[in-house]
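Note sheet for the following structure.
The values are calculated or read from the model by the stated rules, or taken from the named source; none is laboratory data. Treat the numbers as computed from the prediction; the structure is a model and nothing was measured. A quick note on method: Cβ atoms are made from the backbone with ideal geometry, for glycine too, and the neighbour counts reach across all protein chains shown.
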Amino acid sequence: MRSLENLLRKNREWAAQRKREDPQYFEKMRFQQNPEYLWIGCSDSRVPANEIVGLQPGELFVHRNVANVVVPSDLNCLSSITYAVNELHVKHVIVCGHYGCGGVKAALDDADVGLTENWLMHIREAHEAHFEEIEAIASYAEKLKRLCEVNVLEQVKNVSRLPVVKQAWKAKRDLTVHGWIYALEEGLIHDLHLKASNVEEAMAMRRLGKEKFRSRGD
Ligand SMILES: [Zn+2]
C-alpha cells in the first residue's frame with residue numbers, strides 16, 4: 001500500500017509555515033469562522049475554491065459536488081446552504097462553474113456513467129431547457145462551454161428558489177446570489193452577470209430571456 005506520508009509531511013510543513021508567519025494563527029482560527037461567502041462549486045481538483053479567490057481558511061464556506069449542482073432534494077447541499085445562510089449569515093452565495101467540466105461534458109455526450117447518471121440528469125435538464133440554443137452552436141467545444149454557463153444559470157435559479165434564501169430576503173437580510181464561471185486555461189473567473197439580492201431580482205433572473213443571457217465573461 002502506498003503511504004500517504006508525503007501528505008502528512010506537507011501538512012506539517014504548511015502548519016509550521018503558518019506559525020512562522022503568525023504565531024497566533026491557529027489559536028485565532030479556532031475561534032474564527034466568520035465567512036462572508038458561500039461557494040458552491042465543482043468537485044474538480046483543478047478548481048480549488050479558497051486558492052483561486054485568494055481567501056484564507058475561515059473566510060469562505062464551501063460546498064462542492066460534481067458539476068456544482070443545486071437540487072432541492074439534496075440534503076447535503078441544502079444543509080450547507082441553510083447553515084451558511086442562517087448560522088454563519090453569509091452575505092453572498094456564489095455558484096461557480098468551470099469550463100471543461102467533466103460532469104457537464106458527460107451530460108452533453110449522453111455518456112453512460114452508471115450511478116452518476118442520477119446526478120447528471122439535473123444537468124441534462126439544463127441542457128433540455130436550452131436545447132435549441134446549444135444545438136444551434138456548430139463547434140463541440142463552444143457547445144460545451146455554453147452548457148457549462150447554462151448549468152450555472154440553472155443552479156443559480158435553483159438557489160434563488162430555496163425557502164431558506166427566500167426567507168432571508170423576506171426578512172430584508174443582506175444576501176446576494178451570484179453566477180460565475182472559471183476558465184481553467186487562464187485561471188480567471190468570469191462574472192456571468194447573474195445576480196439576485198431580493199425576490200424581485202430573482203424573479204427577473206428566472207425570467208431572463210435566453211437571448212439576454214449570452215455574455216461569456218465580461
Ligand atoms: Zn466540473
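The residues in the stretch 70-87 that are within 21 Å of residue 45 (Cα to Cα), surrounded by fewer than 22 Cβ atoms within 10 Å (Cβ to Cβ) and within 16 Å of the ligand (Cβ to nearest atom) can be counted, and the count is 0. Restricted to the stretch 121-162, and to residues there that are touching a residue at least 60 places away in the same chain (Cβ under 8 Å) and over 18 Å from the mean Cα position of the chain (by Cα), the residue that is nearest to residue 106 (Cα to Cα) is 130. Regarding residue 174, is this residue surrounded by fewer than 18 Cβ atoms within 10 Å (Cβ to Cβ) and closer than 21 Å to residue 83 by Cβ? So residue 174 passes the test. When 53, 90, 66 are checked against the criterion of being more than 14 Å from residue 34 (Cβ to Cβ), away from the ligand (no atom under 16 Å from the Cβ) and not polar (S, T, N, Q), 53 stands alone in meeting it.
Residue by residue, here is whether (1) assigned by TED's automatic domain parsing to the domain that holds residue 160; (2) aromatic (Phe, Trp, Tyr); (3) surrounded by 11 or more Cβ atoms within 10 Å (Cβ to Cβ); (4) farther than 23 Å from residue 148 by Cβ holds:
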| residue | (1), (2), (3), (4) |
| --- | --- |
| 14 | no, yes, no, yes |
| 21 | no, no, no, yes |
| 26 | no, yes, yes, yes |
| 59 | yes, no, yes, yes |
| 62 | yes, no, yes, no |
| 68 | yes, no, yes, no |
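Residue 135 fulfils the conditions (1) at pLDDT 95 or above; (2) exposed (fewer than 13 other Cβ atoms within 10 Å of the Cβ); (3) farther than 23 Å from residue 37 by Cα except for a single criterion, (1).
The helices (runs of 4 or more DSSP H) located wholly in the stretch 101-218 that include 2 or more residues which are of a type in the set (Ser, Thr, Tyr) and in the same structural domain as residue 64 (by TED's automatic domain parsing) occupy 140-161.
Considering the stretch 51-108, and only residues there that are out of contact with any Cys (no Cβ under 7 Å at 6 or more places or on another chain) and among the hydroxyl-bearing types (Ser, Thr, Tyr), the residue that is farthest from residue 138 (Cα to Cα) turns out to be 83. Scanning the stretch 28-45 for residues that are surrounded by fewer than 12 Cβ atoms within 10 Å (Cβ to Cβ) and touching a residue at least 24 places away in the same chain (Cβ under 8 Å) yields one hit, 34.
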